[in-house]
Amino acid sequence: MKFRIAFLLAASTLLASVSAQAQFAKPEDAIKYRQSALSVMGTHTGRLGAMVNGRVPFDARVAQDNADVIAAMAKLPWQGFGPGTEGGKAKANIWTDAAKFRAGGDKLAADAAAVAAAAKSGNLDQIKAAFGTYAGNCKTCHDEFRNQ
């Protein structure tokens, strides 16, 4: 029974990774996909960050719009980091320490969802708190997993 469960778990994991890889015809497609998703997320992070840091006037509707895009985009880039997609600005340790990288991606998605939830309140102080956690996660990942 334990063997059967282990086999099914291993098979489902393999199928999940194969299906994610199958989305990209070439490794370059995966790199372009993840870079595009992260670029859009970065653009909206910058827009919201400008409000949070007082560089532009706070507008609750615009903050919510940007936070919603961040939350949606934070779910996307990770499938573009499959085996054989090394390159771009990604450091090699993404693939050698994949569990830590995936955990960081999951945390980023959760932090981005928290920013969107805070933005729904329309309260700048709540947005600042959530955004600070989210931005800190971005920095940690860049420092550890991205070639500058």
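Looking at Asp143, is it surrounded by fewer than 14 Cβ atoms within 10 Å (Cβ to Cβ), over 14 Å from the mean Cα position of the chain (by Cα) and part of a helix (DSSP H, G or I)?
Answer is yes for this residue.
Evaluate region 17-37: report whether one residue or more is at pLDDT 95 or above and among the polar types (S, T, N, Q).
Looking for residues that are at pLDDT 95 or above and among the polar types (S, T, N, Q), one finds at least one in region 17-37, hence yes.
Does Ile127 qualify as being of a type in the set (A, V, I, L, M), touching a helix residue (DSSP H, G or I) at 6+ places or on another chain (Cβ under 7 Å) and within 25 Å of Glu28 (Cβ to Cβ)?
So Ile127 does not fit the description; no.
Within region 55-65, can one find any residue that is within 18 Å of the chain's Cα centre (by Cα) and aliphatic (A, V, I, L, M)?
Looking for residues that are within 18 Å of the chain's Cα centre (by Cα) and aliphatic (A, V, I, L, M), one finds none in region 55-65, hence no.
The values are calculated or read from the model by the stated rules, or taken from the named source; none is laboratory data. Nothing here was measured: the structure is a model prediction, and the numbers come from that model. Glycine also receives a Cβ, built like all others from the backbone with ideal geometry; neighbour counts cover every protein chain displayed.
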